[in-house]
1. Tell me, what is the per residue accessible area of the chain in Å², probe radius 1.4 Å?
2. Order these peptides, 46-55, 16-25, by their mean beta-carbon neighbour count within 10 angstrom, highest first.
3. Only four residue types carry charge here, +1 at the Cβ of Lys and Arg and -1 at the Cβ of Asp and Glu. Report the dipole size of the chain about the Cα centre in Debye, rounded to the nearest 20.
4. How high is the relative contact order of the chain, in percent, with contacts defined as C-alpha pairs under 8 Å that are six or more residues apart?
5. Rounded to a whole number, what is D in µm²/s for the chain from Stokes-Einstein with the Kirkwood radius over alpha-carbon pairs (37 °C, 0.692 mPa s)?
Amino acid sequence: MRKSYKMENLDCANCAAKMEAAIRKLDGVQSASVNFLMQKITIEADPERLPEILEKANACCSSVERDCRILY
C-alpha cells in the first residue's frame with residue numbers, strides 16, 4: 001500500500017534526503033520518497049505494519065532534524 005503524508009518542520013533538502021535513505025532501510029518498507037518542496041512523504045509498505053513503520057519513520061525524521069515529524 002502506498003500512502004502520502006504531510007511533513008512538519010522539514011527545513012533542509014539535504015536532511016530530507018537523509019531521512020528518505022533511513023526510512024527506505026526500515027524493515028517492511030518497499031519504497032519511500034520525501035519531497036522537500038511539497039513537505040510530503042510517500043511510503044509504500046505492508047498496510048498491516050504501517051502504524052509501526054510510521055512510528056519508526058518519525059524516529060528517523062527526528063534523529064536527522066529534531067523538530068521534524070510526519071503528520072498522520
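1. Per-residue value: 60 Å².
2. Ranking the peptides 46-55, 16-25 by packing returns 16-25, 46-55.
3. Here the size comes out at about 140 debye.
4. Relative contact order for the chain comes out at 43 percent.
5. 282 µm²/s
The values are calculated or read from the model by the stated rules, or taken from the named source; none is laboratory data. Here the structure is a predicted model, which means the values were calculated and not measured. Glycine also receives a Cβ, built like all others from the backbone with ideal geometry; neighbour counts cover every protein chain displayed. Note: accessible area is taken over every heavy atom of the protein model, side chains too, but ligands, DNA and RNA are not part of it. Shrake-Rupley method; radii C 1.70, N 1.55, O 1.52, S 1.80 Å.
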